[in-house]
């Protein structure tokens, strides 16, 4: 700390470049930290290393071709990203999605949320410094979920399975039984994480009280997802503007009051349990039926108009702003990335903390760089 | 040391033993690397190395060959002397610590009357090598890592030495062999459980093992002082780390677990004594790997605070209690009871430190508002 | 409302009854705002010169309380100018609003919204580099996703071409920068 | 310390469970039939020619433009004394696997069910030293189906299962 005696004993701050290739930046994020000893005085984030112009590319493609690009926008929760996109197209084209497709979408989206949160748990555990253990625990259960996705859609990450109007093809006939198996495995995984981290004194000491962001600040920064709910703001699009069938089943919005890194961890852990509950209820409600509307045009065209669709992706609000001027392709497609907004608050959260804390604050907002940079 | 091995000149004899031990140590360290990877693999629900040789047994050999074959790089701006000599200064003191390790009766390199003092003095030299490596690399991560290593080593030297002192009070000697022999009935861990726990924690810190691996913390300073090293110099750090792991577990088993005498007495043959030592050391190594697989890394302030605010006072209390018991000839079980009570206190203090969610620190808030304005 | 904006509203004008337009209209008294009904939210058109005043009024109004900036972006309408689009949300009253300001192509200046929400900071930087919209008074007007020196071309404008796809197959197979084998 | 003890018990319980990893290059996971690797052309075993008529539907629908298709008159057509009913047939076909994003659209738009995604491990283990080696020509694309190595899965688009889901 620089105090009044700074002039007598002059110290110089060190600029520490973290990333774009650093084990804890979760991809190609770069930040320049100005450190005074071990204390961070300033952070300058640099993003854009993974900018691929997905928005521009989607403007040149018809609605079906764009789905694949949405997968790549949010590769850890590709179903959630697809969902926003296809819902935006459906809204503009005024398509009614059959019930069965909606339930299946909901199951897949929640399973993907589980997979994504598991990934968070693993990567965050490594950031905090457990050698490899949480990562491999996360991978174990995520593998089960991804195997299920592979059996359904054929691909492990880039599903391209949701289509405007419903689903590309139906789920396999053993879908319900397989999903139950996966849920059992995931419950074990959640229990393992709970045992490994939640009560561990060192983990608690490392995560409590750092990276604090107040509810007012979180709203002002436009944070969303678990990052804002950990600050005590019950902002969850699933509850506030229910889409799919979220208003028909029982589930809770998990909030924590402390607004620190530990609260964000607990929030995600709680959400994983909620997701398991949601999937179980969806499985009970799943009925045979159509998965696409009766009359689907061969080439989907939308009337002119614009819509901003928001859904709750694992990292927060994933918004798709779709402007159509008629025709079979978007005129403008804007992806509202939750990570981008959450990442803006990084400087606010980490200044004044130790270097090691800045790393786990970055870990706690769970960025996916492909979503930040698009 | 009355008579040298094979009746040779004591110096020659010492040299032979030292060479034997250096050779042994290298093999042991390589074996430990394999074991750690294998055991850690099981903690991670995977299998560990398996593709080199049967069960991956040759993994360390493959690693060593790869490291020897690598180019020995030196950054252009690095200070040549500090950079090149850093690894030696890490490596040599660790091997020197080996001189007093008691594997079995009469078979260590030298039995020194001030064995513990020698060990503590020599092993703490290696920190100079860490700082040299950190400073000489001309890398900011390395420098932060080196500074962290120095701060950590200096802090944890205290509880480390104090808890050793508590044991030597009980045995009345600083000679490690005599400490071992004094435990032929009851190992020291029974009388000094608190000292054992403190020593174990401090040893983890001395070894830079998790949760005290902040100098190398991969997720923050990406290897700390080692970040610019490659090839053979890097492998020296690595070898040194595992050699010291082995030495430290031998020391703990000798000082606290009765070394080669307990529970079968010292009449056992040399082979059995060695086996006993190795088993005890292996259990300790397993424990250390187990801890590594389970705990996150501490932060620098927490790490320092833990040493100075919790471990050092408790170690001093242990010494005080030992003094009382020895001076007034009180019954020994008092020590056990006090020690267990001390462990409970240690546990309670550790939990108390985190019981309530702490608000963000005032300094952090001040900086936040400064940055916002 | 300028004449440019009225031509743009091609969607059938639905009734604004039952929406929050009445409240918004009251909050925006003194600002010439017009509304249309979007697919989900009400879309309010505000002249660019008054945008910050309007956004501040929307945020400060007790019943509306638009305290959350969901998204800030722009749409290039080619000759009709560039729309800067703000998607607002109220975390207390739970309602949405889309605010649009149309900038003429020859004057792409608008005041920054960072004084209203800090969330606008990066979003404006992105919009600025992608569309060439200048946000006057922005505290940190660097590029966000693009390279630092790329300030003369704006990738998301409609006149910005896509990169050529390199041909790796067919008779003239080879990379773009290589000669065919 | 109790929390750390709990953590250690958790890791110990994992230590005692069997490992979950596979010895990958030796043991391959069984792939589901829907697995999507890279597109392949299918072979009409009855007439002994590819199903593909070179109609360019997949080429036009491909979002990443990874395909190049050239058609020719079928030398085996009935009108010239052959036994095939295909008037036109594929002449040359390239798919750049390095560019393909495995979106399945080519399979969906194909009117002849002539293209399918590779659902065997051969489609996943495609590493080569040069990017150019990932451009597959007609011969490479049809070999697998010709020799009967794949059992392709062509999705039934937008139709519900006939069997109930359990």
Among A:99, A:71, which is closer than 18 Å to residue A:371 by Cα and at pLDDT 85 or above? A:71
Region A:107-217: helices (runs of 4 or more DSSP H) wholly inside it with 3 or more residues that are under 25 Å from residue A:67 (Cα atoms) and away from chain B (no Cβ under 11 Å) are A:133-153
Is there a residue in region C:61-74 that is more than 13 Å from the chain's Cα centre (by Cα), at positive phi and at the interface with chain A (Cβ under 10 Å from one of its Cβ atoms)? no
Give just the number: which of (1) surrounded by fewer than 19 Cβ atoms within 10 Å (Cβ to Cβ); (2) assigned to a helix (DSSP H, G or I); (3) under 14 Å from the mean Cα position of the chain (by Cα); (4) within 13 Å of another protein chain (Cβ to nearest Cβ) does residue D:143 not satisfy? (4)
The lone exception for residue A:33 - which of (1) outside any helix (DSSP H, G or I); (2) within 8 Å of another protein chain (Cβ to nearest Cβ); (3) in contact with a strand residue (DSSP E or B) (Cβ under 9 Å, 6 or more places away or on another chain) it fails: (2)
Would it be correct to say that residue D:127 is assigned to a helix (DSSP H, G or I), away from chain C (no Cβ under 14 Å), over 14 Å from residue D:50 (Cβ atoms) and without any contact (Cβ under 8 Å) to a residue 40 or more places away in the chain? no
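Listed here are the residues, each with its yes/no results for (1) within 14 Å of chain B (Cβ to nearest Cβ); (2) in a strand (DSSP E or B); (3) free of Cβ contacts under 8 Å to residues at least 24 places away in the same chain.
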site	(1), (2), (3)
A:288	no, no, no
A:299	no, no, no
A:320	no, yes, no
A:361	yes, no, no
If you scan region B:34-54, which residues turn out to be more than 8 Å from every other protein chain (Cβ to nearest Cβ), more than 21 Å from the chain's Cα centre (by Cα) and part of a helix (DSSP H, G or I)? B:54
Checking residue B:114 against (1) in contact with a helix residue (DSSP H, G or I) (Cβ under 8 Å, 6 or more places away or on another chain); (2) in contact (Cβ under 8 Å) with a residue 24 or more places away in the chain, which test does it fail? (1)
Just give me the residues in region A:62-89 being within 14 Å of chain D (Cβ to nearest Cβ), more than 20 Å from residue A:50 (Cβ to Cβ) and either in contact (Cβ under 8 Å) with a residue 12 or more places away in the chain or surrounded by 23 or more Cβ atoms within 10 Å (Cβ to Cβ) (or both), in sequence order. A:62, A:63, A:64, A:86
Tell me whether region B:255-278 contains one or more residues that are part of a helix (DSSP H, G or I) and within 22 Å of residue B:162 (Cβ to Cβ). yes
Check region A:46-53 and report whether any residue there is surrounded by fewer than 18 Cβ atoms within 10 Å (Cβ to Cβ), within 23 Å of the chain's Cα centre (by Cα), away from chain C (no Cβ under 14 Å) and in a loop (DSSP other than H, G, I, E, B). no
Are any of the residues in region D:105-112 within 30 Å of residue A:102 (Cβ to Cβ), within 8 Å of another protein chain (Cβ to nearest Cβ) and in a strand (DSSP E or B)? no
Quickly run through region A:299-308 and pick out the residues that are surrounded by 24 or more Cβ atoms within 10 Å (Cβ to Cβ) and either modelled with pLDDT of 90 or more or closer than 19 Å to residue C:127 by Cα (or both). A:306, A:308
Answer with yes or no whether residue A:18 is touching a strand residue (DSSP E or B) at 6+ places or on another chain (Cβ under 8 Å), crowded, with 19+ Cβ neighbours inside 10 Å and over 20 Å from residue A:335 (Cα atoms). yes
Name the strands (runs of 3 or more DSSP E) wholly within region D:10-100 that hold at least 3 residues that are away from chain A (no Cβ under 14 Å)? D:67-73, D:88-96
With the checklist (1) closer than 28 Å to residue D:13 by Cβ; (2) surrounded by 16 or more Cβ atoms within 10 Å (Cβ to Cβ) in hand, flag the one item residue B:60 doesn't pass. (1)
Single match in A:154, A:225, A:165, A:232 (criterion: within 30 Å of residue D:6 (Cβ to Cβ) and crowded, with 22+ Cβ neighbours inside 10 Å): A:225
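The values are calculated or read from the model by the stated rules, or taken from the named source; none is laboratory data. Just so you know, these numbers come straight off a predicted model, no measurement behind them. Glycine also receives a Cβ, built like all others from the backbone with ideal geometry; neighbour counts cover every protein chain displayed.
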